[in-house]
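Q: One structure, pasted below without further comment.
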Amino acid sequence: MPTILTFGDSNTHGTQPMHTRPSELPRLLRRWPVVMAERLGWDLIEEGLPGRTFAFPDPEMGPHMDGRLGLFIALESHGPIDALTIMLGTNDLKAQFDATPEDIAEAAAFHLDVALSDEMQARHGGFEPFLILPPAPRALGVLTAHYQGAEAKAMASREALRAVAEARDVAVFDANSVVSVSQVDGVHLEAQSHETLGAAVADFILSERVEDGAE
């Protein structure tokens, strides 16, 4: 049975929309990676860390929020895997980081290069990475101050992210095509959106593998 590793932030972790911060709500049981794995019939390894960025240590949440080190740890802790999803970039849009779309795309390129490196590919016997563009955040609710201007920047980042993936022949799925963020906090996904996203990502992966002759 194939194994897939999902590397991401709070929306991969299953954090519920936040009415207060910090939230005392438990993470969702049917988060999108679980739904996806069920639909694929694959084994699942979840690596969703709330607050994780592509490339920024967080002065409030800690240096381990920098996903560059986290990806090495995840890929060397688990395996062998057959596929990897990377859905990051939301936290990089926080106002405190002042990141440009080009900064975010460059950081995404680092992650893809790690995944595609001879070392990691050999370690797992070959696996296919997929880049998922996260749903664009909005400045709403208790997270308003963190995400001022983030929605427009997210829109501008999409093409830059798509370009670095396509340059490496990595398939891209845009989560914005099927879901949007909650109106409660402008960042996290409602339960139904997890169901929708999980099913859509599974279908996307299956179609890509059929196209590549892997199925």
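The values are calculated or read from the model by the stated rules, or taken from the named source; none is laboratory data. Predicted model only: the values in this text are computed from it and were never measured. Cβ atoms come from the backbone with ideal geometry, glycine included; neighbour counts cover every protein chain shown. When the accessible area is computed, the model is the full protein with side chains, heavy atoms only, and any ligands, DNA or RNA have been set aside. Shrake-Rupley method; radii C 1.70, N 1.55, O 1.52, S 1.80 Å.
Q: If I go through the stretch 122-134 residue by residue, how many of them are over 19 Å from the mean Cα position of the chain (by Cα) and open to solvent by 40 Å² or more (accessible area, probe 1.4 Å)?
A: Quick first cut of the stretch 122-134, residues over 19 Å from the mean Cα position of the chain (by Cα) only: 122-126.
Imposing the further condition that a residue be open to solvent by 40 Å² or more (accessible area, probe 1.4 Å) reduces the set to 122-123, 125.
Selection size over the stretch 122-134: 3.
Q: Is it fair to say M87 is touching a Ser or Thr at 6+ places or on another chain (Cβ under 7 Å), at pLDDT 95 or above, buried (at least 19 other Cβ atoms within 10 Å of the Cβ) and of a type in the set (A, V, I, L, M)? Steps first, please.
A: On the way: touching a Ser or Thr at 6+ places or on another chain (Cβ under 7 Å): yes; at pLDDT 95 or above: yes; buried (at least 19 other Cβ atoms within 10 Å of the Cβ): yes; of a type in the set (A, V, I, L, M): yes.
So M87 passes the test.
Q: Just the residues that are surrounded by fewer than 21 Cβ atoms within 10 Å (Cβ to Cβ), among the small types (G, A, S) and assigned to a loop (DSSP other than H, G, I, E, B), please, taken from the stretch 175-215.
A: S180, S182, G213, A214
Q: Further question on the same structure: For R168, indicate whether it is touching a Leu at 6+ places or on another chain (Cβ under 8 Å) and either among the basic types (K, R) or loosely packed, with under 14 Cβ neighbours inside 10 Å (or both).
A: Values: touching a Leu at 6+ places or on another chain (Cβ under 8 Å): yes; either among the basic types (K, R) or loosely packed, with under 14 Cβ neighbours inside 10 Å (or both): yes.
Against the criterion (touching a Leu at 6+ places or on another chain (Cβ under 8 Å) and either among the basic types (K, R) or loosely packed, with under 14 Cβ neighbours inside 10 Å (or both)), R168 qualifies.
Q: Considering (1) in contact with a Phe, Trp or Tyr (Cβ under 8 Å, 6 or more places away or on another chain); (2) open to solvent by 20 Å² or more (accessible area, probe 1.4 Å); (3) among the hydrophobic types (A, V, I, L, M, F, W, C), say which one L116 fails and leave the rest.
A: L116 satisfies all of (1) in contact with a Phe, Trp or Tyr (Cβ under 8 Å, 6 or more places away or on another chain); (2) open to solvent by 20 Å² or more (accessible area, probe 1.4 Å); (3) among the hydrophobic types (A, V, I, L, M, F, W, C) except (1).
Q: Looking at (1) open to solvent by less than 10 Å² (accessible area, probe 1.4 Å); (2) assigned to a loop (DSSP other than H, G, I, E, B); (3) over 22 Å from M61 (Cβ atoms); (4) not β-branched (V, I, T), can you tell me which one P137 breaks?
A: (3)
Q: Would it be correct to say that G79 is at pLDDT below 95, closer than 25 Å to R123 by Cβ and more than 16 Å from the chain's Cα centre (by Cα)?
A: Values: at pLDDT below 95: yes; closer than 25 Å to R123 by Cβ: yes; more than 16 Å from the chain's Cα centre (by Cα): yes.
So G79 fits the description; yes.
Q: How many of the residues in the stretch 3-22 are open to solvent by 40 Å² or more (accessible area, probe 1.4 Å) and assigned to a loop (DSSP other than H, G, I, E, B)? Steps first, answer last, please.
A: The first filter runs over the stretch 3-22 and keeps only residues open to solvent by 40 Å² or more (accessible area, probe 1.4 Å), leaving 13, 16, 19-22.
Imposing the further condition that a residue be assigned to a loop (DSSP other than H, G, I, E, B) reduces the set to 16, 19-22.
Total satisfying the criteria: 5.
Q: I'd like the residue in the stretch 111-154 that is touching a residue at least 60 places away in the same chain (Cβ under 8 Å) and among the β-branched types (V, I, T) and, out of all such residues, is farthest from V178 (Cα to Cα).
A: Result: V142.
Q: Looking only at the stretch 41-68, count every residue that is in a loop (DSSP other than H, G, I, E, B) and either of a type in the set (F, W, Y) or within 14 Å of the chain's Cα centre (by Cα) (or both) and tell me the total. First the steps, then the outcome.
A: Within the stretch 41-68, the first condition is being in a loop (DSSP other than H, G, I, E, B), and the residues that meet it are 41-42, 49-52, 54-57, 59-61.
If we keep only those that are either of a type in the set (F, W, Y) or within 14 Å of the chain's Cα centre (by Cα) (or both) as well, we get 42, 49-52, 54-56.
Looking only at that region, the number is 8.
Q: Being part of a helix (DSSP H, G or I) and surrounded by fewer than 22 Cβ atoms within 10 Å (Cβ to Cβ) is the filter here, so list the residues in the stretch 144-157 that pass it.
A: Going residue by residue through the stretch 144-157, those that are part of a helix (DSSP H, G or I) are 144-147, 150-157.
Scanning the stretch 144-157 gives T144, A145, H146, E151, A152, K153, M155, A156.
Q: Can you tell me which residue in the stretch 23-40 is farthest from A139 (Cα to Cα), limited to those that are assigned to a helix (DSSP H, G or I) and under 17 Å from the mean Cα position of the chain (by Cα)?
A: The extreme case among them is A37.
Q: Could you please give the count of residues in the stretch 75-131 that are in a strand (DSSP E or B) and more than 20 Å from Y147 (Cα to Cα)?
A: Restricting attention to the stretch 75-131, the residues satisfying the condition of being in a strand (DSSP E or B) are 83-87, 128-131.
With the extra rule that they be more than 20 Å from Y147 (Cα to Cα), the set shrinks to 83-86, 128-131.
Adding up the residues that qualify gives 8.
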